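**Q** My questions will all concern the structure given below.
The values are calculated or read from the model by the stated rules, or taken from the named source; none is laboratory data. The model shown is predicted, which means the values in this text are computed figures rather than measured ones. Every residue, glycine as well, gets a Cβ built from its backbone with ideal geometry; the counts of neighbours run over all protein chains shown. For the accessible areas, the whole protein counts, side chains as well, though only heavy atoms, and no ligand, DNA or RNA atoms are used. Shrake-Rupley method; radii C 1.70, N 1.55, O 1.52, S 1.80 Å.
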Amino acid sequence: MRPDASTSSPERRRAVDGGILHFLSVSQLKQFSLCPRRWYFAKVRRLPEPETKAQAVGVEGHAQLEHYLRTGEDVLGDVARAGRHLLPASGADLLVEESFGTPSPLTADGIPFAGYIDLINPRRLTEGVLRVTDHKFLSNVARYAATPAQLADASTEAGLQMVGYGVWAAHSAARVPGVRTLELEHLYFQTRGAKRAESVLAVVSVEYVTREWTEKVVPMVRRMREVARATRAADVPPSFGPACEKYGGCPFKTQCLSGERTMSLMNRLAVKSQVPDVAAQLPLAPPPETLGTCGRCNVALTPENSSKLRSGEVLHLSCPGAEVAAVLPPDAPAALPTIATDAAPKRRGRKPKVQAATEPILQQEDSPSLPATPPPQGERLRLFVDCVPNLPTAPLTDYVAKVAAQVSEAGGVEDLRFAGSESALGYGRWKGAFAMAIRNAPPSPGTYAALGIAHSELLQLAVEALEPMCGPGDFVRAAR
């Protein structure tokens with residue numbers, strides 16, 4: 001099949017202009033069924049689509065087949081020649097690369113279709129049988145070829161195309177009169193490995209394809225009309241998942257989240273850092289007050305890198321292995337006398353149960369893949385969970401709310417936690433998407449407090465995603 005008619009029409013018309021859907025092609029139907037947002041970027045926003053290597057191979061193969069079927073001259077390459085025995089003998093009666101015509105007899109919901117059909121074989125038309133063929137070039141025929149049932153089902157990608165061709169033939173009495181039975185054929189040519197070809201055929205009636213078109217394609221075109229009027233990519237539902245990587249990957253990954261920025265499924269839900277970097281705008285501060293040096297690593301202690309216990313002892317927050325203390329929230333239960341315990345050595349496997357203590361204590365949790373050297377003071381991410389250190393902190397809830405809002409917008413829902421089954425975030429998939437966004441764009445370096453996480457599933461997920469990103473001593477959780 002030739003390129004989309006939107007680029008080959010003599011009038012250079014646009015399929016969508018000013019939010020109005022003017023014409024369609026079966027290629028557009030397939031693209032929309034794969035992912036409505038992908039069609040939106042291609043036809044409404046008109047973003048460029050680079051040609052892939054597989055497409056270039058297909059274009060060359062189609063040109064060879066067209067020349068051979070028109071002239072009989074064997075210009076076939078190794079790939080196309082593998083299916084020569086499945087091709088009809090050349091002749092003037094064959095309709096090769098046949099245009100839909102103007103006006104097109106194929107319409108849906110009042111929208112005309114433009115395009116070309118690779119091959120129409122009318123040699124059994126006296127019996128009421130017409131064969132309509134589309135040539136396909138695949139890397140692996142056994143793996144990717146459609147089945148006869150799929151060719152006859154307009155709810156499948158292959159069936160959208162072939163049912164459309166069948167309806168066109170049924171409405172083209174001037175060119176192919178007397179059609180009662182349609183042979184819908186995909187002729188496959190394998191481009192990798194052993195050269196082979198295979199014909200897949202579905203035999204259906206004219207009445208059948210007409211019913212499939214009316215019941216399945218016309219409602220789709222109505223949805224395409226609505227998408228054509230969309231002004232934001234966020235208003236168009238995406239098809240996150242296999243559609244993102246099919247046919248070498250969607251060319252619009254970089255625009256899929258907000259229409260402008262992100263890339264790939266992993267980064268589709270990423271957000272920009274929420275806390276602005278204002279360090280360069282601040283005046284130079286006097287040297288920090290020193291509180292002595294750490295007895296473990298000999299680093300000078302300051303109010304910013306230390307924490308003062310109730311006993312008066314000052315501990316280095318970023319010192320590996322240090323027992324870090326913090327101030328509990330004001331509404332915490334009154335503490336009872338402290339039970340002093342020695343730090344236990346790290347053990348493999350399940351963590352041992354902690355003996356019940358009579359005073360709330362802080363337990364420093366192990367973080368995988370910790371850096372050998374703590375990062376500079378101003379470039380660290382520190383997180384205090386259900387406790388507040390004696391140094392300035394920012395609430396983690398502000399960052400979490402912004403990430404949740406952006407993931408909700410990407411999925412086209414008001415609140416990601418209540419995404420319906422029809423949403424890409426449904427069935428609990430929002431949890432993985434939210435955690436993915438947190439990992440890809442954590443908050444700016446600084447000190448954050450996450451309070452009351454038992455009452456917020458979003459906070460729980462955010463804390464789990466951020467814990468491995470904190471350095472030694474920079475992740476502190478209150479344990480009761």
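**Q** Could you tell me whether Arg222 is modelled with pLDDT of 65 or more, open to solvent by 100 Å² or more (accessible area, probe 1.4 Å) and over 38 Å from the mean Cα position of the chain (by Cα)?
**A** No, not satisfied.
**Q** Between a residue in region 375-393 that is over 17 Å from Gly452 (Cβ atoms) and any residue that is outside any loop (DSSP other than H, G, I, E, B) and at pLDDT 80 or above, which pairs come within a Cβ distance under 6 Å, given they are 6 or more apart or on different chains?
**A** Every condition considered, the pairs that remain are Leu381/Met469; Arg382/Thr447.
**Q** Could you please let me know if Arg37 is assigned to a helix (DSSP H, G or I) and either loosely packed, with under 13 Cβ neighbours inside 10 Å or touching a Pro at 6+ places or on another chain (Cβ under 8 Å) (or both)?
**A** In short, yes.
**Q** Ok, one more. Checking Val407 against (1) touching a residue at least 60 places away in the same chain (Cβ under 8 Å); (2) assigned to a helix (DSSP H, G or I); (3) more than 22 Å from Arg232 (Cβ to Cβ); (4) aliphatic (A, V, I, L, M), which test does it fail?
**A** (3)
**Q** Among the residues of region 417-426, are any buried (at least 16 other Cβ atoms within 10 Å of the Cβ), small (Gly, Ala, Ser), under 30 Å from Val299 (Cα atoms) and without any contact (Cβ under 8 Å) to a residue 60 or more places away in the chain?
**A** Checking region 417-426: not a single residue is buried (at least 16 other Cβ atoms within 10 Å of the Cβ), small (Gly, Ala, Ser), under 30 Å from Val299 (Cα atoms) and without any contact (Cβ under 8 Å) to a residue 60 or more places away in the chain.
**Q** Could you please tell me which pairs satisfy a Cβ distance under 8 Å, a separation of 6+ or placement on different chains, a first residue in region 43-60 that is modelled with pLDDT of 90 or more, and a second residue that is of a type in the set (Ser, Thr, Tyr) and outside any loop (DSSP other than H, G, I, E, B)?
**A** So the pair list comes out as Lys43/Ser6.
**Q** Right, another one. With the checklist (1) over 38 Å from the mean Cα position of the chain (by Cα); (2) surrounded by fewer than 18 Cβ atoms within 10 Å (Cβ to Cβ); (3) closer than 17 Å to Val26 by Cβ in hand, flag the one item Thr214 doesn't pass.
**A** Condition not satisfied by Thr214: (1).
**Q** Please find, within region 244-255, the residue that is nearest to the chain's Cα centre (by Cα) out of those that are crowded, with 18+ Cβ neighbours inside 10 Å and under 11 Å from Leu34 (Cα atoms).
**A** Going through the qualifying residues, I end up with Cys244.
**Q** Considering (1) surrounded by 15 or more Cβ atoms within 10 Å (Cβ to Cβ); (2) touching a Ser or Thr at 6+ places or on another chain (Cβ under 8 Å), say which one Thr71 fails and leave the rest.
**A** Among (1) surrounded by 15 or more Cβ atoms within 10 Å (Cβ to Cβ); (2) touching a Ser or Thr at 6+ places or on another chain (Cβ under 8 Å), Thr71 violates only (1).
**Q** For Lys272, work out the one condition from (1) of a type outside the set (Asp, Glu); (2) assigned to a loop (DSSP other than H, G, I, E, B); (3) open to solvent by 50 Å² or more (accessible area, probe 1.4 Å); (4) at pLDDT 75 or above it doesn't fulfil.
**A** (4)
**Q** From the list His186, His171, exactly one residue is under 29 Å from Pro219 (Cβ atoms), in contact with a Leu (Cβ under 7 Å, 6 or more places away or on another chain) and surrounded by fewer than 20 Cβ atoms within 10 Å (Cβ to Cβ). Which is it?
**A** His171
**Q** Also, I was wondering about something else. I need the full set of residues from region 61-97 which are within 36 Å of the chain's Cα centre (by Cα) and under 30 Å from His22 (Cα atoms), in order please.
**A** Answer for region 61-97, where residues must be within 36 Å of the chain's Cα centre (by Cα) and under 30 Å from His22 (Cα atoms): His62, Ala63, Glu97.
**Q** Note down all Cβ pairs under 8 Å where the first residue falls in region 233-256 and is farther than 16 Å from Val44 by Cα, the second is among the basic types (Lys, Arg) and outside any helix (DSSP H, G or I), and they're at least six residues apart or on different chains.
**A** Between residues of region 233-256 that are farther than 16 Å from Val44 by Cα and residues that are among the basic types (Lys, Arg) and outside any helix (DSSP H, G or I), the close pairs are Thr254/Arg261.
**Q** Counting only residues that are part of a strand (DSSP E or B) and out of contact with any Cys (no Cβ under 7 Å at 6 or more places or on another chain), which one in region 432-480 is nearest to Thr397 (Cα to Cα)?
**A** For region 432-480, the residue satisfying everything is Ala450.
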